[in-house]
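Peer 1: Let me give you the structure first, and then I'll get to my questions.
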Amino acid sequence: MAGVGVPTGPLTGPLTDAIADAEALVAAAPHIRSEQDLLEGYQYLAGGILACVHAAWATEKTHPNFIQGTGPYMKMGLDNPDTLYFGARINDDAEYVVTGVRGTTCDLSFQVLSGNYTDSNVPGSESAFDDRAIDIGSDGHFEVRFGPAQQDGSPYGGGARNHFTLAPGASQLVVREVYSDWSQRRGSVRIERVDRIGVAFDALTPEETAKRFSRAGKALISRVKTWLQFPEWFYLKLPVNTMTEPRPTPGGLATQFSSVGHYDLADDQAMIITVPKSDAPYQGFQLGSMWYISLDYTGHQTSLNHNQAQVDPDGMIRMVVSERDPGITNWIETVGHPRGILQFRWQRTSRDFTPADGPTVEVVPVDEVAAKLPFHEQNRVTPQDWAARIGARQAAVADRMLG
């Protein structure tokens with residue numbers, strides 16, 4: 001509108017240009033082999049647009065709040081179907097109070113990051129801990145404070161419990177709720193910048209409005225480039241149809257070990273993965289697409305955790321990854337993805353994990369699966385029971401991931 005200080009060009013120009021550039025990146029992705037690969041890329045792009053625009057307009061450094069940057073409709077970074085992710089932008093020189101109520105989830109963790117994930121950088125993890133490191137009331141309420149070190153270099157809050165020092169460069173606070181049972185009760189979490197409590201937001205300016213559209217566009221390009229690069233860094237250089245020994249997860253996430261790999265299976269092949277049921281409070285497995293996102297975990301069983309999986313009498317969990325239905329409870333569906341990512345996570349650990357804790361992998365013809373499973377009769381599932389399993393997944397996702 002002329003005469004009121006708003007730029008004459010389209011404010012959304014940087015965003016719409018970025019969307020076009022991101023579409024070109026998606027269309028040129030080296031892993032695309034089929035129309036399904038490309039269409040999933042466009043679906044992935046739509047989720048990225050949604051997430052980046054939301055982040056640009058729903059987050060304030062002066063008045064931070066937690067938002068979900070990934071979920072069933074805006075996936076990224078090999079999102080774990082068992083996890084809800086919440087993130088807030090922070091400054092390293094400000095003080096923050098995080099309050100909430102602990103739900104019944106098996107894990108609640110906090111991580112402070114410096115910088116952002118990019119196609120050339122994994123941000124540093126400045127602090128990472130789970131809720132065992134804080135005091136929580138008998139009613140589940142908690143209060144955690146973050147702030148810069150004192151001028152004399154002593155820790156924030158004098159090192160008192162529930163006080164954590166923000167390292168120089170700290171820019172993000174990430175909170176994760178991890179579900180071993182998808183019917184577990186969600187908690188709540190809120191962040192406030194101490195010096196802005198009770199102070200209203202600043203009014204929007206033309207410059208700030210333009211900046212937000214530009215920021216959303218830059219974030220979208222970075223998002224697409226970054227997560228296309230991650231499989232190259234951490235997965236695709238490994239021998240195909242194998243998985244690594246358990247190892248601390250790159251990026252400094254506290255008390256988590258992981259085992260990773262990638263698969264390439266013909267329609268008549270199956271991968272049998274055998275792993276001990278862990279003593280860790282959380283053990284989860286999932287498939288990911290070459291877009292480095294989870295496969296459809298709502299209408300298909302593309303993931304299993306230790307609570308969902310059937311455990312054999314010898315204490316082992318045996319899963320079968322395949323396109324064709326082997327008729328067993330622990331079938332992991334590839335849903336039209338002959339290639340993809342394999343990922344185990346163990347969380348809330350209290351010891352180092354060894355190769356004996358990790359998986360073994362064997363690729364066999366689908367027709368030989370029954371002969372390869374020592375407890376095949378106990379592993380079988382009826383079509384009615386399978387439909388009930390999928391129905392339970394659909395209901396749980398709707399309940400805990402509303403919107």
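Peer 1: What does a probe at residue 325 reach in region 379-403, counting residues whose amide N is under 13 Å from the point 7 Å along Cα→Cβ?
Peer 2: Output list for this probe position: 381-391.
Peer 1: To the nearest 10 square angstrom, how much accessible area does residue 52 have with a 1.4 angstrom probe?
Peer 2: Using a 1.4 Å probe on the heavy atoms, I get roughly 10 Å².
Peer 1: Any idea how far apart residue 61 and residue 162 come out in nm if each label point goes 7 Å out from Cα toward Cβ?
Peer 2: 2.9 nm
Peer 1: Helix 383-400: angle to the longest alpha-carbon principal axis of the chain, degrees 0 to 90, nearest 10?
Peer 2: Helix 383-400 and the main axis of the chain meet at about 10 degrees.
Peer 1: Round to the nearest 10 and report in Å² the accessible area of residue 238, as given by a 1.4 Å probe over the protein chains' heavy atoms.
Peer 2: 50 Å²
Peer 1: If you don't mind, there's one more thing I want to ask. What is the distance, in nm, between label points placed 7 Å from the Cα along the Cα-to-Cβ direction at residue 97 and at residue 394?
Peer 2: It is 4.5 nm.
Peer 1: Determine the gain in length on full extension of the stretch residue 68-residue 202; use 0.36 nm per residue of separation and subtract their C-alpha separation, reporting nm with one decimal.
Peer 2: Working: separation 134, 0.36 × 134 = 48.24 nm, distance 2.35 nm.
Extra length available between residue 68 and residue 202 comes to 45.9 nm.
Peer 1: Still on this structure, I have one more. How much length would be gained if the chain were fully extended between residue 16 and residue 138, taking 0.36 nm per residue of separation minus their Cα-Cα distance, in nm to one decimal? Working shown, then result.
Peer 2: On the way: separation 122, 0.36 × 122 = 43.92 nm, distance 4.99 nm.
The residue 16-residue 138 span can extend by a further 38.9 nm.
Peer 1: Counting Lys and Arg as +1 and Asp and Glu as -1, each charge on the Cβ, what is the dipole of region 294-401 about the Cα centre in debye, to the nearest 20? Mind showing how you got there, number by number?
Peer 2: On the way: 11 positive and 14 negative charges, 77 e Å.
Value, rounded to 20: 380 debye.
Peer 1: Using all alpha carbons of the chain, what is the percent of pairwise distances in each 20 Å bin, ordered from the shortest bin to the longest?
Peer 2: In order of increasing distance, the bins hold 25, 55, 19, 1 percent.
Peer 1: Sticking with this one: Using only the Cα atoms of region 217-276, build the gyration tensor, take square roots of its eigenvalues as a ≥ b ≥ c, and label the shape rounded, prolate or oblate: rounded if a/c is under 1.5, else prolate if a/b is larger than b/c, else oblate. Kindly include the intermediate steps, with their values, before the conclusion.
Peer 2: Details: a/c = 2.80, a/b = 1.35, b/c = 2.07.
It comes out oblate by the Cα gyration axes.
Peer 1: May I pose another question? Round to the nearest 10 and report in Å² the accessible area of residue 298, as given by a 1.4 Å probe over the protein chains' heavy atoms.
Peer 2: Counting only protein heavy atoms, the figure is 40 Å².
Peer 1: With a 1.4 Å probe and all protein chains in place, put 218, 277, 61 in order of accessible area, largest first.
Peer 2: Values: 218 145, 277 90, 61 70 Å².
Ranking 218, 277, 61 by accessible area, largest first, yields 218, 277, 61.
Peer 1: Based on DSSP H runs of at least 4 residues, each adding -39500 (n - 2.57), what is the mean residue ellipticity at 222 nm of the chain after dividing by all its residues, to the nearest 500 deg cm²/dmol? Write out the running numbers ahead of the final one.
Peer 2: Working: 6 runs with 94 residues, N = 403.
Computed ellipticity for the chain at 222 nm equals -7500 deg cm²/dmol.
Peer 1: Mind checking which lysines have their Cα closer than 23 Å to the Cα of residue 75? Skip sequence neighbours fewer than 8 apart in that chain.
Peer 2: Here the lysines satisfying the reach criterion relative to residue 75 are 218, 225.
Peer 1: In nm, what is the difference between 0.36 nm times the number of residues separating residue 237 and residue 54 and their Cα-Cα distance?
Peer 2: Values: separation 183, 0.36 × 183 = 65.88 nm, distance 3.44 nm.
The span from residue 237 to residue 54 would gain 62.4 nm if fully extended.
Peer 1: Among 160, 224, 18, whose Cα lies farthest out toward the positive end of the dipole of the chain, if unit charges sit on the beta carbon of Lys, Arg (+1) and Asp, Glu (-1)?
Peer 2: Highest projection toward the positive end goes to 160.
Peer 1: With a probe of 1.4 Å, find how much accessible area the chain has per residue, and write the answer as a whole number in Å². Write down the numbers at each step before the final one.
Peer 2: Working: 17940 Å² over 403 residues.
That works out to 45 Å² for each residue.
The values are calculated or read from the model by the stated rules, or taken from the named source; none is laboratory data. Quantities reported herein were computed from a predicted structural model and do not represent experimental measurements. Every residue, glycine as well, gets a Cβ built from its backbone with ideal geometry; the counts of neighbours run over all protein chains shown. The area values use the complete protein model at the heavy-atom level, side chains included, leaving out ligands, DNA and RNA. Shrake-Rupley method; radii C 1.70, N 1.55, O 1.52, S 1.80 Å.
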